[in-house]
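First the structure, in the form of structure tokens, and then the observations on it.
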Amino acid sequence: MSFYRKQAAMTTRYRQGLIAAAVVGSLSLTSAHAQDKTPGYNHKIPDKIMTPDSVETRIGTLKFDDGVPTVETTQKVYDNLDFLRGIEVFLNFIPAASVEATRLSGTERGATKSNQAVIYDDLLDSSTLMLTANTDTVYLFGFLDLEADGPTVVEIPAGSGPGTVDDAFFRFVTDVGPPGPDRAKGGKYLIVPDWFKGELPKDKKDGGEYFIARSPSKVNLLILRGFLKDGKPDASSKLFREGVKIYSLSKATNPPAMEFINSSKVAFNTIHANNFEFYEELDHVLQNEPLEFIDPELRGLAGSIGIVKGKKFAPDERMKKILTDAVAIGNATARAINFRNRDPRSPFYPNSQWRTGFIANDYRWLGGDEMAGRDQDARTNFFYMATVNTPAMAARIPGRGSQYALSVADTSGNPFDGAKSYRVNIPANVPAQDFWSMVVYDPQTRSELQTPQPYPSKNNKRDKLIANADGSVDLYFGPKAPAGKEVNWTQTVPGKGWFAILRLYGPLDPWFDKTWRPGEIELMK
């Protein structure tokens, strides 16, 4: 046999050996897999995709028949799903319910048409329940109805303080006054519903007469704030009463006369419910507004608990009981977010109890860069505590708009006790072009604390505060005034908690740079 034939024969036998070994190996592997296969299956099934017959969870024991929930488990998880969605509806729709509560309060006061506005000629005192309203500016609330009036004109007088138009979900529509395009020179704004298809006048930037803004909702809220002059509200009250006008564009040649309803020192409520009635308030909003007012995801969330446009909201006894529990947990969650916020971006300064209302400084709650999407806890943090949504509250605009810091606890992290006395030092040269103030609020109502003092606050332009030798000011809080410091004292109530908000109108660079910083509110020994 030649060398080449011997080599070929050897190669053939080698290959046959490999094939035989592969067959044996395959049979061995098949046998091994057969031994490991999951009972009831031909192969091994990954444990991670299987459901045991019994699972212990926070809602109890869940039982399954080969992956199919038992009747009892099915009811349990559906109850839990309805409960979870009830909580999410509460947390997500606080802004809409808040606008609705404000609108209803205006209706209660007699403001049923756009030319009827609620005004606080003598400032907003603690009689009115309103989320963290201030005691330092003349408020005016106008209620626009774009369904009834179509494109609506809002005339703002020169010299007005900062103002904003928000839609029925408290989404920003436009600023007016100093932070708005009129820059405190006054002007005519035209608020146009998104669904309007008719002809419009030219925008101001195109040589027209109006600053034009569009809104997706029928209800829109105008909020104006007028500054004190010589510590008094009279000038701003007169400015608004003579200069503010709201009317349909179709009646521009003959607008109806304005009616102003003074609501100072009047006890009424502007705050949404924290019980089952919350869902009824929300239902009214969604029935009234266009379908496209909110996106399909939010509509679906509301629809999952029975709040659907065009349908009656009529939960049965089971669902009503679940939603009553859900709103209680939702309310507790909102209060935890507000008063014991866990977000590391919440503190205004390191190792401080001063906190920001606009976490991440984004009025859209998109974190500034939109990468993480909507920050729902940050939005809840703001709207459970406050009203009015504008970039001017979040953006760095030196000399215009306003800035806020709130403190809900002392230096030890304990909530403020109305039976105890506290002090805070406000350093000299507060970086506020217009004014600064400190207002005290009730944690229950998130409204001004009700005491024998109708205005639970101190304002550097209204109050003749006693300054220290270095120009700083010490403010005091407690049931009794410290001797000789009565003018710097804000009364609190034994048995009630409180919290405070520091406001700067016309904030300047040292505020934004944090080179100026307020002292902490400290318990007095």
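Computed quantities for the displayed model
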item	result
Which listed residue is buried (at least 17 other Cβ atoms within 10 Å of the Cβ), among the small types (Gly, Ala, Ser) and over 13 Å from the mean Cα position of the chain (by Cα), from Gly373, Gly367	Gly367
Asp343 touching a residue at least 12 places away in the same chain (Cβ under 8 Å), open to solvent by 50 Å² or more (accessible area, probe 1.4 Å) and of a type in the set (Asp, Glu)	no
Residue among Ser457, Ser447 that alone is under 21 Å from Gly519 (Cα atoms) and at pLDDT 95 or above	Ser457
Only listed residue being touching a residue at least 60 places away in the same chain (Cβ under 8 Å) and outside any loop (DSSP other than H, G, I, E, B), chosen from Ile261, Ile212	Ile261
Residue in region 87-98 that is open to solvent by 40 Å² or more (accessible area, probe 1.4 Å), in a helix (DSSP H, G or I) and under 30 Å from Pro296 (Cβ atoms) present	yes
Identity of the residue in region 248-280, closer than 22 Å to Thr333 by Cα and among the hydrophobic types (A, V, I, L, M, F, W, C), that ends up least open to solvent (accessible area, probe 1.4 Å)	Phe278
Conditions (1) under 24 Å from Asn429 (Cβ atoms); (2) open to solvent by 60 Å² or more (accessible area, probe 1.4 Å); number of the one not met by Phe512	(2)
Enumeration of residues in region 464-488 that are buried (at least 19 other Cβ atoms within 10 Å of the Cβ) and either aliphatic (A, V, I, L, M) or closer than 22 Å to Lys232 by Cβ (or both)	Val473, Leu475, Asn488
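The rows are residues; the columns are (1) under 22 Å from Ser248 (Cα atoms); (2) surrounded by fewer than 24 Cβ atoms within 10 Å (Cβ to Cβ).
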| residue | (1), (2) |
| --- | --- |
| Asp121 | no, yes |
| Leu140 | yes, no |
| Asp145 | yes, yes |
| Gly159 | no, yes |
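Residues are listed down the side, and each one gets a yes or a no for (1) modelled with pLDDT of 95 or more; (2) among the aromatic types (Phe, Trp, Tyr):
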site: Ile397; (1), (2): no, no
site: Asn414; (1), (2): yes, no
site: Val424; (1), (2): yes, no
site: Asn429; (1), (2): yes, no
site: Ala432; (1), (2): yes, no
site: Ser437; (1), (2): yes, no
site: Thr451; (1), (2): yes, no
site: Ala469; (1), (2): yes, no
site: Tyr476; (1), (2): yes, yes
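Residue-by-condition table, conditions (1) within 21 Å of the chain's Cα centre (by Cα); (2) open to solvent by less than 30 Å² (accessible area, probe 1.4 Å):
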| site | (1), (2) |
| --- | --- |
| Leu282 | yes, yes |
| Glu289 | yes, yes |
| Pro296 | yes, no |
| Lys311 | no, no |
| Glu317 | no, no |
| Lys321 | no, no |
| Ala328 | yes, no |
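The values are calculated or read from the model by the stated rules, or taken from the named source; none is laboratory data. All values derive from a computational prediction rather than experimental measurement. So basically every Cβ, Gly included, is an ideal-geometry build from the backbone, and we count neighbours across all protein chains shown. Remember, those area values only see protein heavy atoms, side chains included, never the ligands or the DNA or RNA. Shrake-Rupley method; radii C 1.70, N 1.55, O 1.52, S 1.80 Å.
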